[in-house]
Amino acid sequence: MSSVKFDAHALTGEDCLQKFDTSFRQGLSEDGVVRQRAKHGRNILPSAPRRSLMLRFLRHFHNVLMYVLIGGAIVTAILGLVIDTGVILAVVLINAIVGFIQEGRAENAMAAIRQMLAPRASAMRGGKRISIDAADLVPGDIVVLEPGDRVAADLRLLDVHGLNAQEAILTGESIPVAKATTPVARDAVLGDRKSMAYSGTLITSGTGRGVVVATGTATEIGRISQMLGSVEVLKTPLVVQMDRFARWLTVLILLASVGLLLFGYHVRHIAFEEMFMAAVSLAVAAVPEALPAVMTITLAVGVQAMAKRNAIVRRLPAIETIGAVSVICTDKTGTLTRNEMMVTSVVTKEKSFTIAGEGYAPFGEIEIECGERSDSDLMEIARASLLCNDGALHATDDVWRFEGDPMEGALLAFAAKAGVTKDGWARLQEIPFDAHRRYMAVLVEKDTDTRLVLVKGAPERVLEMCSEEMKGDGSSPLDHDYWQIEMDRIAALGQRVLAFAQGRVSPEEELESNLEGKLSFIGLVGLIDPPRSESVAAVAECHRAGIKVKMITGDHAGTAAAIGRQIGLKSPDKVLTGEDIEQMDDTVLAGAALNTNVFARTSPEHKLRLVTALQASDLIVAMTGDGVNDAPALKRADIGVAMGITGSDATKEAAELVLADDNFASIASAVREGRTVWDNIRKVVSWVLPTSAGEAATIAAALLFGFALPVSPVQILWVNMITAVTLGLALAYEPAEAEAMRQPPRPHNEGLLTGVLVWHVLFVTGLFLAAVFGLFRYAIEKGYSLELAQTMAMNMLVVLEIFHLFYVRNIFSTSISMQAFKGTPAIWISLVVVTAAQFAITYLPAVQPILGTSAVPLTDGIVIIGIGVVFFATIETEKRLRLILAGGGEKRN
């Protein structure tokens, strides 16, 4: 059970008190608490029901690919190949275990959200202030808020004194929000509901009281938890392709085997037992038993490569998905930006300055933007920034951090850049910032004979308190029009604007008596959460790779547009807000989402709708984020990317990829690695399928024409096993193609079997059939024994696969080059291993009886190598002709 959600932010506090029959000072009575708990239940997020461990584990055996593998294991068991059976079953078991471990992501994400709720709360009950378990709060409770408290339920605020709340986990906005008690518009977005304090957010300063209006799943954070539990997880492209491929491969193998069995039994009148074993031999040859294992290893190698680039993969198939991404939806705060406020603009009378630097580090150049340079223009506003400030700045391990409000940390860094120090100034009195006053004021003194009143706050309010403005070493009448123009200019840059003023007083005067109408306006300061310097390059690289980048933030439209311009988003000034999205149905939103790259004032529902709208346009979507508000969209996206440092546990659990350095630039590296993995998977498939098809075609041809099998079933299994774990595995370590990040994303519906690959399979299968069958007939006609002829045919298969490997390594470019022949360590290690293994089973007397082999004469060995060279030259010539016809290079199709 949970409380019923209503628009408390639009009602007065008194209306909310009456709704729950409670009192500001007394709170609920014991009877009232009992009634509310019976009606609404406890203030907790319910755990999702879980299936039994055994059922969850067995579900991972229920797919076509698993059935193919299990069928292969049964065949090898029938043939008495215990080792092969064990290897195949091990692959089946490993795949099931990996899937089993990853299945609980949604439940873990919701568990992480539950942990974010406050464990204790201070409430008024029966006229007494008591500390209770947050789970015992009920609608109508009066909760007392103090700095450092985590809000335990959704509250309608009744009384505030300088109350500020950090709501980044819900809105993505990095700056604490000043709270008030006045109602706001009913359709106000969550970030503008200043009359509310939401469960899971943090009180950064001030005090207040509020009445509980929502508990459990009716809170904003509870609603996100429900969204997360109901979001459908999409299959990754690789999983979809493998399911489809395995399904059709199974059908093809079964049809071919049954057809051959019926043909031999009814047409050639061969004994059923003999034809059944022949059909089994065909199945053994056609099933690429090691393909799933090699593909899994290819993904695992990619995982290691991505980890070195600070991208941690939580689920193997996700690694190739990032390579297929066609649009990245990214949060702004902490992802594209540093999540650190910085002063970037300073305006005094007739002068403006640009401040450089990074984050809170007190280093950076100050450049004059217009007007003549005069240090005195900066000194007054820098001194006010330093002295009218409650924050603290310090370095830890060469990293500058602040204590207090982020804006005050930025002002301290600015003052240090200007070279201003406290230099004997001491604070005598202060008026802390308050949402009603909208300013902070201090009275400071130096050497007992110099006193200053310093004020900072909202520009409109500070201007009201001033009668003149500072100009050089003197003053002049206040020019309201000038300052209004400058305020609008700075705000248009997406910067938050603060104003400063000062007044001189005699030693006996007090602070309060020297404010209204007695101050001199000093100037304006513009602050912004600056973009990461590396984000600009990363966005540009994504654009070159044909990937759209869209920023989805809870911040204001002006700030979002400004950051969009700075990082190089396309059409950054075209901004859609959450209010705009609310007015659109799904069809209209799908079109708008394609043509807009900046979205502001968005809620979790908006982010989820945007991801879904982009997917409806057949785009593969990556969603990055760090707050709880991002978790549902991350789960829905084709691939969710969470921030590893600032990201919440819920976000990390919902994501497939975690950035260890919180750096958007790492996404570009992840895309490159993802594309490399997909290319290597394509190479593995391009190498495996012709091999299996060639073996199957050779056996089918022998049976159809009534010849002896060129290669026995046991020898086929040997070839499949030894080459797959050596030659096939080597392809997993292939480096990235030179043009990997200059190609457009592959189409959403691109299959593993493209037209070019199907042609390649058919072409190479024909060459395999001609070479193996031809060599086998050559050996028989020379009077060689069946064992020797089959040994020569088996070695022919291995040699063809070796030459085919060097061809496949450069399937998108020529294989006849020094770089191509140089290879990789993995290639040469696999070549040495497979060559040694083939020599062992061919020439060692102790091993020959196991596979029924016989020593091959030297001259015939040379013939086998020669045929391999001709085979390589043939397929390379075909590739060159195809590349020339395609305009110099093969496109992804």
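The values are calculated or read from the model by the stated rules, or taken from the named source; none is laboratory data. All figures in this text were calculated on a predicted structure; none of them were measured in a lab. Glycine gets a Cβ as well: all are built from the backbone with ideal geometry, and neighbour counts include every protein chain shown.
Looking at (1) under 48 Å from the mean Cα position of the chain (by Cα); (2) surrounded by 21 or more Cβ atoms within 10 Å (Cβ to Cβ), which is the one condition that is false for Glu541?
The one condition Glu541 does not meet is (2).
Part of a strand (DSSP E or B) and of a type in the set (Asp, Glu): does that describe Glu408? Give the derivation first.
Details: part of a strand (DSSP E or B): no; of a type in the set (Asp, Glu): yes.
Spelling it out, it is not the case that Glu408 is part of a strand (DSSP E or B) and of a type in the set (Asp, Glu).
Restricting attention to segment 158-168, does a residue exist that is over 21 Å from Asn43 (Cα atoms), buried (at least 23 other Cβ atoms within 10 Å of the Cβ), more than 36 Å from the chain's Cα centre (by Cα) and touching a residue at least 40 places away in the same chain (Cβ under 8 Å)?
Looking for residues that are over 21 Å from Asn43 (Cα atoms), buried (at least 23 other Cβ atoms within 10 Å of the Cβ), more than 36 Å from the chain's Cα centre (by Cα) and touching a residue at least 40 places away in the same chain (Cβ under 8 Å), one finds at least one in segment 158-168, hence yes.
Could you list, in sequence order, the residues of segment 851-882 that are assigned to a helix (DSSP H, G or I) and free of Cβ contacts under 8 Å to residues at least 24 places away in the same chain? Steps first, please.
Residues of segment 851-882 that are assigned to a helix (DSSP H, G or I), as a first pass: 851, 858-882.
Leu858, Thr859, Ile862, Gly866, Val870, Ala873, Thr877, Leu881 - these are the residues of segment 851-882 that are assigned to a helix (DSSP H, G or I) and free of Cβ contacts under 8 Å to residues at least 24 places away in the same chain.
Taking the stated definitions as given, is Gly503 within 27 Å of Gly359 (Cα to Cα), outside the structural domain of Ala180 (by TED's automatic domain parsing) and not β-branched (Val, Ile, Thr)?
No.
Being surrounded by 24 or more Cβ atoms within 10 Å (Cβ to Cβ) and either within 18 Å of the chain's Cα centre (by Cα) or modelled with pLDDT under 85 (or both) narrows it down to one of Ala600, Ala633, so name that one. Outline the logic, then answer.
Values: Ala600 fails: either within 18 Å of the chain's Cα centre (by Cα) or modelled with pLDDT under 85 (or both).
Within the list Ala600, Ala633, the selection yields Ala633.
Let's see how each residue does on (1) touching a helix residue (DSSP H, G or I) at 6+ places or on another chain (Cβ under 9 Å); (2) small (Gly, Ala, Ser); (3) free of Cβ contacts under 8 Å to residues at least 40 places away in the same chain:
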residue: Val343; (1), (2), (3): yes, no, no
residue: Thr348; (1), (2), (3): yes, no, no
residue: Phe353; (1), (2), (3): yes, no, yes
residue: Gly357; (1), (2), (3): yes, yes, no
residue: Ser376; (1), (2), (3): no, yes, no
residue: Cys388; (1), (2), (3): yes, no, no
residue: Asp397; (1), (2), (3): no, no, yes
residue: Glu408; (1), (2), (3): yes, no, yes
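So, Gly334, is that one touching a strand residue (DSSP E or B) at 6+ places or on another chain (Cβ under 7 Å), on the phi > 0 side of the Ramachandran plot and surrounded by 21 or more Cβ atoms within 10 Å (Cβ to Cβ) or not? Let's see the steps before the verdict.
On the way: touching a strand residue (DSSP E or B) at 6+ places or on another chain (Cβ under 7 Å): yes; on the phi > 0 side of the Ramachandran plot: yes; surrounded by 21 or more Cβ atoms within 10 Å (Cβ to Cβ): yes.
For Gly334, the condition - touching a strand residue (DSSP E or B) at 6+ places or on another chain (Cβ under 7 Å), on the phi > 0 side of the Ramachandran plot and surrounded by 21 or more Cβ atoms within 10 Å (Cβ to Cβ) - is met.
Yes/no matrix, rows are residues, columns are (1) at pLDDT 90 or above; (2) within 17 Å of Glu469 (Cα to Cα); (3) buried (at least 17 other Cβ atoms within 10 Å of the Cβ); (4) touching a Leu at 6+ places or on another chain (Cβ under 7 Å):
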residue: Phe363; (1), (2), (3), (4): yes, no, no, no
residue: Ile368; (1), (2), (3), (4): no, no, no, no
residue: Ile381; (1), (2), (3), (4): yes, yes, yes, no
residue: Leu387; (1), (2), (3), (4): yes, no, yes, yes
residue: Thr396; (1), (2), (3), (4): no, no, no, no
residue: Phe402; (1), (2), (3), (4): no, no, yes, yes
residue: Asp405; (1), (2), (3), (4): no, no, yes, no
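Within the set of pairs 6+ apart or on separate chains, which have a first residue in segment 129-154 that is more than 20 Å from Gln26 (Cβ to Cβ), a second that is surrounded by fewer than 21 Cβ atoms within 10 Å (Cβ to Cβ) and acidic (Asp, Glu), and C-beta atoms under 9 Å apart?
That search, which allows pairs on different chains as well, returns nothing.
Residue under question is Phe433, and the condition is that it be over 26 Å from Glu534 (Cα atoms), outside the structural domain of Gly206 (by TED's automatic domain parsing) and in a loop (DSSP other than H, G, I, E, B); does it hold? First the steps, then the outcome.
Values: over 26 Å from Glu534 (Cα atoms): yes; outside the structural domain of Gly206 (by TED's automatic domain parsing): yes; in a loop (DSSP other than H, G, I, E, B): yes.
Answer is yes for this residue.
Output the strands (runs of 3 or more DSSP E) that fall wholly within segment 448-548 and possess 1 or more residues being at pLDDT below 95, acidic (Asp, Glu) and farther than 23 Å from Asn597 by Cα, or say none. Let's see the steps before the verdict.
Details: elements: 450-457, 466-471, 474-477, 496-505, 519-528.
Qualifying strands (runs of 3 or more DSSP E): 466-471.
In this structure, is Thr624 crowded, with 24+ Cβ neighbours inside 10 Å, more than 23 Å from Leu45 (Cβ to Cβ) and hydroxyl-bearing (Ser, Thr, Tyr)?
Spelling it out, Thr624 is indeed crowded, with 24+ Cβ neighbours inside 10 Å, more than 23 Å from Leu45 (Cβ to Cβ) and hydroxyl-bearing (Ser, Thr, Tyr).
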